Amino acid sequence: MTPMLDIVFIMLIFFIVTTSFVKEAGIEVNKPKAAQATKQKNANIFIAIRSNGEIWVDKQQIDVERISAKIESLLAEQPTEVVIIQADKEAKHGTVVKVMDQIKATGDNLRISIAGDQ
């Protein structure tokens, strides 16, 4: 009985350590349709932009000036190479560009991907 409990605890530790947690934006947006959309691997930071200009990261609404700091804290928790922007199809282009600028200010090694419906 004791060796079986040891194995169960070792398996539990293994699954906890190897689990990847995705930081969802926290809201649903109306993404535009995309004919050539592809899935991104290893992406765990999502930024959602609503049609009224609200920006959401990790289930929290934040100002555009604070995006860089928020991404740095998320990267410290779990490093990634890709940040995905989920912009509503009615979102203003200027807001999306400001968000992209803040992401690029975080680091040159980050790639930005804009999500669309497939």
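The values are calculated or read from the model by the stated rules, or taken from the named source; none is laboratory data. If you're wondering where the values come from, they're calculated on a predicted model, not measured in any experiment. With ideal geometry, Cβ positions are generated from the backbone for all residues, glycine too; neighbour counts draw on all protein chains shown. When the accessible area is computed, the model is the full protein with side chains, heavy atoms only, and any ligands, DNA or RNA have been set aside. Shrake-Rupley method; radii C 1.70, N 1.55, O 1.52, S 1.80 Å.
Summary table
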read-out: Region 82-100, residues that are loosely packed, with under 13 Cβ neighbours inside 10 Å and among the charged types (D, E, K, R); value: 89, 90
read-out: Unmet criterion (only one of (1) open to solvent by 100 Å² or more (accessible area, probe 1.4 Å); (2) among the acidic types (Asp, Glu); (3) at pLDDT below 85) for residue 58; value: (1)
read-out: Cross-chain or 6+ apart pairs with Cβ under 6 Å, region 43-70 first and in a loop (DSSP other than H, G, I, E, B), then not basic (Lys, Arg); value: 50/88; 51/88; 51/90; 51/91; 53/95; 54/61; 59/26
read-out: Residues satisfying the stated conditions in region 104-117, i.e. in a helix (DSSP H, G or I) and closer than 13 Å to residue 48 by Cα; value: none
